[in-house]
1. Look through G291, G229 and report the one residue that is within 16 Å of ligand 2 (Cβ to nearest atom) and of a type outside the set (S, T, Y).
2. With touching a residue at least 60 places away in the same chain (Cβ under 8 Å) and either crowded, with 24+ Cβ neighbours inside 10 Å or not hydroxyl-bearing (S, T, Y) (or both) as the only criterion, which of A84, A110, A138 stands out?
3. Just to be sure I understand, how many residues within region 345-360 are over 23 Å from the mean Cα position of the chain (by Cα) and modelled with pLDDT under 50?
4. Given the condition buried (at least 20 other Cβ atoms within 10 Å of the Cβ), out of contact with any strand residue (DSSP E or B) (no Cβ under 7 Å at 6 or more places or on another chain) and at pLDDT below 95, answer yes or no: does some residue in region 159-178 qualify?
5. Please state which of the following conditions T169 fails to meet, knowing it meets all the rest: (1) more than 16 Å from ligand 1 (Cβ to nearest atom); (2) in contact with a His (Cβ under 9 Å, 6 or more places away or on another chain).
6. Of the residues that sit in region 112-145 and are among the β-branched types (V, I, T) and under 30 Å from C182 (Cα atoms), which one is nearest to ligand 1 (Cβ to nearest atom)?
7. Just the residues that are among the charged types (D, E, K, R) and either under 29 Å from G92 (Cα atoms) or in a helix (DSSP H, G or I) (or both), please, taken from region 239-296.
Amino acid sequence: MSAGSADHAALVLGIETSCDETAAAVVTREGRVLSSVVSSQVPIHARYGGVVPELASRNHLVQAPPVIAQAMAEAGIGLDALGAVAVTAGPGLAGCLLIGMQVGKSMAYARGVPLVPVDHIQAHVWAPFLSDARDAGAATRGLAYPYIALAVSGGHTSLLKVDGPGVSTTLGATMDDAAGECFDKIAKLMGLPYPGGAHIDRLAKIGDATRFDLPRPLAHKGLDFSFSGLKTAARLAWAAASAGLDEGPALDAVRADLAASAQAAIVDVLVDKAFLACRETGIARLVAAGGVACNEGLRARLADKAPRRKIAVHVAPARYCSDNAAMVGGLGAALWQGGAGLTGRELTRAGIYVTSRRAVYAAVGGAAKAGARARGEAR
Ligand code: KG4
Ligand code: ZN
């Protein structure tokens, strides 16, 4: 390796720790993935049926150094090859984000390279631009701005109009649960392991989607989503159909049929609203992104229905839909190319945010000042 050569100094290290995946990736300036390592904490959280934030942050602390080292080793580079470090700044779990941010800051500061804070959702919707040795870019060639993005994950469900790297307008969002949460909760009530989305997807292939008539909340009504009513309807359907049944083929059939029926309802709503967003904006390019975009029923429906509506659908391979750091490094590289990146004092002050773009440090500082004012303390 030629230490610090122009080419190598153009590489970006991406770091992702917003929820329960510790991930690191090395990506070129053009968004080509040289390595992408994801260490999942699913086995740790599965016994609790969901992510335990404190356990998640402790594990990020343990996993971040070896995961980053592995990403560097797999890319065949040393630290001197990095031109920038990109890290997820939010939204996500506070303790988890803080670990990634501190690691990213430390590495960028120590190496004297810029730190590029990246928004997790913006990274998800940018992911279709990634390419790799397995030809990830093939399915998404021809994608150009502006496009409509259906961002569907465990914590978020929204429709965005994306105008550039990290630049978007929200057209609609969920008013209660996220689509992934809905998948996970329905899976949980049927006794399936966490996270349940992939299990529902698997069972849906063998189940009868017409057995349970579940609602399609807010279908054809605007671009906002609501999944809580669907979740309740699924709970009631499960309670009625499983009553008196012991574990065995009959209960397995209820599980598969409810999985298929619930998935059909969720996919109906997601596809309906994504197409509506395309129609309302006159934009015929659609990206599906986030963990739920791994769903084969959703992918099949989009691929089947979009051509008739003259909409080009771009979905990244599953490895870049669920949480990963390649999307963070890739968007970070694009932003860095556009002049973004913090150095020196600015870098040391970079903050995280949990639910919005507002930095937590700033929010805490503001609240402290307001409290001090209320107590009549001088500042
Ligand atoms: O984007 P992601 O990996 O993490 C968040 O940012 O939340 O999304 C995780 C979510 C989980 O709710 C998981 O159940 C769901 O994505 N998911 C799926 C599938 N694979 C993952 N949902 C439906 N079908 C799948 N095949
Ligand atoms: Zn995510």
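1. Being within 16 Å of ligand 2 (Cβ to nearest atom) and of a type outside the set (S, T, Y) holds for just one of G291, G229, which is G291.
2. Within the list A84, A110, A138, the selection yields A84.
3. Step one: of region 345-360, the residues over 23 Å from the mean Cα position of the chain (by Cα) are 345-349.
In the following step, the residues that additionally are modelled with pLDDT under 50 were identified as none.
Summing the residues that are over 23 Å from the mean Cα position of the chain (by Cα) and modelled with pLDDT under 50 in region 345-360 gives 0.
4. Scanning region 159-178, I find at least one residue that is buried (at least 20 other Cβ atoms within 10 Å of the Cβ), out of contact with any strand residue (DSSP E or B) (no Cβ under 7 Å at 6 or more places or on another chain) and at pLDDT below 95, so the answer is yes.
5. T169 satisfies all of (1) more than 16 Å from ligand 1 (Cβ to nearest atom); (2) in contact with a His (Cβ under 9 Å, 6 or more places away or on another chain) except (2).
6. Among those that are among the β-branched types (V, I, T) and under 30 Å from C182 (Cα atoms), it is I121.
7. Within region 239-296, D252, R255, D257, D268, D272, K273, R279, E280, R285, E296 qualify.
Yes/no matrix, rows are residues, columns are (1) buried (at least 23 other Cβ atoms within 10 Å of the Cβ); (2) at pLDDT 95 or above:
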position	(1), (2)
A209	no, yes
K221	no, no
F227	yes, yes
A233	no, yes
G248	no, yes
A253	no, yes
A256	no, yes
A264	no, yes
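The values are calculated or read from the model by the stated rules, or taken from the named source; none is laboratory data. It should be emphasised that the depicted structure is a prediction, and the values quoted were computed from it without experimental measurement. All Cβ positions, even for glycine, are placed from backbone atoms using ideal geometry, and neighbour counts span all protein chains on display.
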